[in-house]
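Chemist: After the structure tokens below, expect a handful of questions from me.
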């Protein structure tokens, strides 16, 4: 797993070297003024465009803790996950074994081989 930090604001396109399905690619993250959102473009090393997609964000699971009491009045702290979110694989359908997730909460792009 490789993580990249994506700045919240940037004036120039961000260029990253990523490995997807064992091959190296150039990823470019840029702002689209008309769409008012960031897009990611993945090119092969010869400059041929493989895909351009919106940089869709995934949310992380939220864990809430609560306290319960048993009938004898003894309190025990219990932790439960009330919601489990499935991350959105940005490159799903384009690459067979690699995944790419963007988490806007901490501006992190995660690539797994």
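The values are calculated or read from the model by the stated rules, or taken from the named source; none is laboratory data. None of the values given here were measured: they were computed from a predicted structure. All Cβ positions, glycine included, derive from the backbone under ideal geometry; neighbour counts span all protein chains shown.
Chemist: For residues that are part of a strand (DSSP E or B) and in contact with a strand residue (DSSP E or B) (Cβ under 6 Å, 6 or more places away or on another chain), tally how many sit in the range 1-22.
Modeler: Taking the range 1-22 first, the residues part of a strand (DSSP E or B) are 2-5, 14-20.
In the following step, the residues that additionally are in contact with a strand residue (DSSP E or B) (Cβ under 6 Å, 6 or more places away or on another chain) were identified as 2-4, 14-16, 18, 20.
Here the count works out to 8.
Chemist: Would you point out the residue of the range 88-106, among those that are touching a strand residue (DSSP E or B) at 6+ places or on another chain (Cβ under 6 Å) and not in a strand (DSSP E or B), that is surrounded by the most Cβ atoms within 10 Å (Cβ to Cβ)?
Modeler: As a first pass, look at the range 88-106 and keep what is touching a strand residue (DSSP E or B) at 6+ places or on another chain (Cβ under 6 Å): 89-91, 94-95, 98-102, 104.
Within this subset, residues satisfying the condition of being not in a strand (DSSP E or B) are 89-91, 94, 98, 104.
Working: 89: 16, 90: 24, 91: 22, 94: 15, 98: 19, 104: 14.
The selected residue is 90.
Chemist: Identify all residues within the range 23-44 that are at pLDDT 95 or above and not in a strand (DSSP E or B); write none if there are none.
Modeler: Of everything in the range 23-44, just one residue is at pLDDT 95 or above and not in a strand (DSSP E or B), namely 44.
Chemist: Are any residues in the range 4-26 closer than 14 Å to residue 108 by Cβ and either surrounded by 12 or more Cβ atoms within 10 Å (Cβ to Cβ) or free of Cβ contacts under 8 Å to residues at least 24 places away in the same chain (or both), and if so, which ones? Break it down stepwise before answering.
Modeler: Just the residues of the range 4-26 that are closer than 14 Å to residue 108 by Cβ, to begin with: 4-8, 14, 16, 18.
Listed by number, the residues that qualify are 4, 6, 14, 16, 18.
Chemist: Going through the range 62-88 one residue at a time, which ones are at pLDDT below 75 and closer than 22 Å to residue 8 by Cβ? Don't jump to the end; show me each part of the working.
Modeler: Initial filter on the range 62-88 (at pLDDT below 75): 62-85.
Listed by number, the residues that qualify are 62, 85.
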